[in-house]
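Inspection log for the structure reproduced underneath, given as structure tokens.
The values are calculated or read from the model by the stated rules, or taken from the named source; none is laboratory data. No experiment lies behind these values; they were computed from the predicted model shown. Cβ placement follows ideal geometry from the backbone for every residue including glycine, while neighbour counts extend to all protein chains displayed.
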Amino acid sequence: MDHAEHHEEHPMIGYGTYISIWLALLILTALTVAIAGFDLGKYTTLVAMVVATVKTTLVGLYFMHLRYEPKVFHYMILVTFMIMVVIVIFTFIDGNRFSYLSHEVQAEVHH
Amino acid sequence: MSHTANIAAPAHIHKDYNGAKTGMWLFLFTEVLLFGGLFLIYAVYRTAHPHDFAEAAKELNVVLGALNTAVLLTSSLTMALAIACIHRGKKSLSLTFLGITILCAFAFMVIKYIEWESKISHGLYPGSEYLMLHYSKGQRMFFGLYYCMTGLHAAHVIIGATVLIVMFYVTYQRPNEKHRWDVFGKDELNGCRVAILDKDGNEKWGSEIDESVKQVHLKMKYYSMPKRIKHEDYVSLENSGLYWHIVDVIWIFLFPLMYLIG
């Protein structure tokens, strides 16, 4: 394996790119905190999760170099993500069954 | 009869870069699913007790939580910069950034300690008498999850910092590469000669390999030139970086779900 070929696979990311990503992450964090101040009702958490996903994508693509890794890594991450999605969907399909969790258990004796 | 043996220089030793990276990512997926399970429990109990969770979350210190987010994001930046520097052959700059990353990990743990300490001194910890008497079931659930999830995350920060300290030492040592060839018990090497020749072909130093020789060592200063540095030479540093970033990613989700739902 020669040198030139290798550098094509892994282009150097400039220091400036990393610093821009870091600034974007800090701004998005500030945004998350600011949004939490408003009452968006049931969308508050949804918006926070969307921002967190954007932040994760930035960290993954640039800090973790995923943008420059072979496609197979992207598929592996997609599979892991899909496993989580399936687990969550199947749990919440059964959602009305765990509504009993919200009832206080009176058997616990308190003063 | 003389033989010239070709000794493979370290730059040509095949290291399975993609294999090492794939292995690290598979491990990271198990980490994601480990925390995924806890996030699932969080989702279920929060669905069951939305108001209790919102009430209990107000007890957390948003300023300290946001500060810790900034500390972790900054440490992620310095980690990425440390790897970028080593690829350019700037070792001391790389070690500086690695050092800052480790300091950020300590700063995170100090802030975490302050947070936990103030909660625990107020009697807010799982199973405490105060919590059981004054808080509803859902609020107690929230604090249980808060301690479990931030605790497990803090454990990952400590492990990550330990790995980074080891990598600091490894990177610091790096130019002094030692290569060893075991010759003991290899009869065909008996009577061979190891020698160093100058440009005129004169032997500067040489020694016979007889039965008393166990190993041949070659100590090199190899990676000081940027052109010689390849990614596979620093795959362990890159993989430690990946671990550190996944710790950061988990916190990116923990922070809004714990601190900002009030």
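Can you name every residue in the stretch B:247-262 that is β-branched (Val, Ile, Thr), facing chain A (nearest Cβ under 8 Å) and either part of a helix (DSSP H, G or I) or in contact with a Gly (Cβ under 7 Å, 6 or more places away or on another chain) (or both)?
Answer for the stretch B:247-262, where residues must be β-branched (Val, Ile, Thr), facing chain A (nearest Cβ under 8 Å) and either part of a helix (DSSP H, G or I) or in contact with a Gly (Cβ under 7 Å, 6 or more places away or on another chain) (or both): B:249, B:252.
For residue A:35, state whether it is within 25 Å of residue B:54 (Cβ to Cβ), of a type outside the set (Ser, Thr, Tyr) and at the interface with another protein chain (Cβ under 9 Å from one of its Cβ atoms).
Yes: the conditions hold for residue A:35.
Within the stretch B:62-88, track down each residue that is in contact (Cβ under 8 Å) with a residue 60 or more places away in the chain and more than 16 Å from residue B:236 (Cα to Cα).
Passing the criteria: B:62, B:65, B:66, B:68, B:69, B:72, B:73, B:75, B:76, B:88.
For residues in the stretch B:15-36 being of a type in the set (Phe, Trp, Tyr) and more than 8 Å from chain A (Cβ to nearest Cβ), which is surrounded by the fewest Cβ atoms within 10 Å (Cβ to Cβ)?
B:27
Among all residue pairs at least 6 apart or on different chains, which show Cβ distances below 7 Å where the first residue, located in the stretch A:8-37, is within 22 Å of residue B:255 (Cα to Cα) and part of a helix (DSSP H, G or I) and the second is modelled with pLDDT of 95 or more and of a type in the set (Lys, Arg)?
A:25/A:55; A:28/A:55
Taking residue A:74, is it in contact with a Leu (Cβ under 9 Å, 6 or more places away or on another chain), at pLDDT 90 or above and more than 8 Å from chain B (Cβ to nearest Cβ)?
yes
Inspect all residues belonging to the stretch B:171-194 and state whether any of them is at negative phi, surrounded by fewer than 18 Cβ atoms within 10 Å (Cβ to Cβ) and within 14 Å of another protein chain (Cβ to nearest Cβ).
Scanning the stretch B:171-194 turns up no residue that is at negative phi, surrounded by fewer than 18 Cβ atoms within 10 Å (Cβ to Cβ) and within 14 Å of another protein chain (Cβ to nearest Cβ).
At pLDDT below 70 and loosely packed, with under 11 Cβ neighbours inside 10 Å: is that true of residue B:225 in this structure?
yes
With the requirement that a residue be at pLDDT below 90 and among the aromatic types (Phe, Trp, Tyr), what does the stretch A:22-67 give you?
Correct list: A:38, A:43.
So, in the stretch B:122-134, of the ones that are in contact (Cβ under 8 Å) with a residue 12 or more places away in the chain and out of contact with any Asp or Glu (no Cβ under 8 Å at 6 or more places or on another chain), which residue ends up surrounded by the most Cβ atoms within 10 Å (Cβ to Cβ)?
B:131
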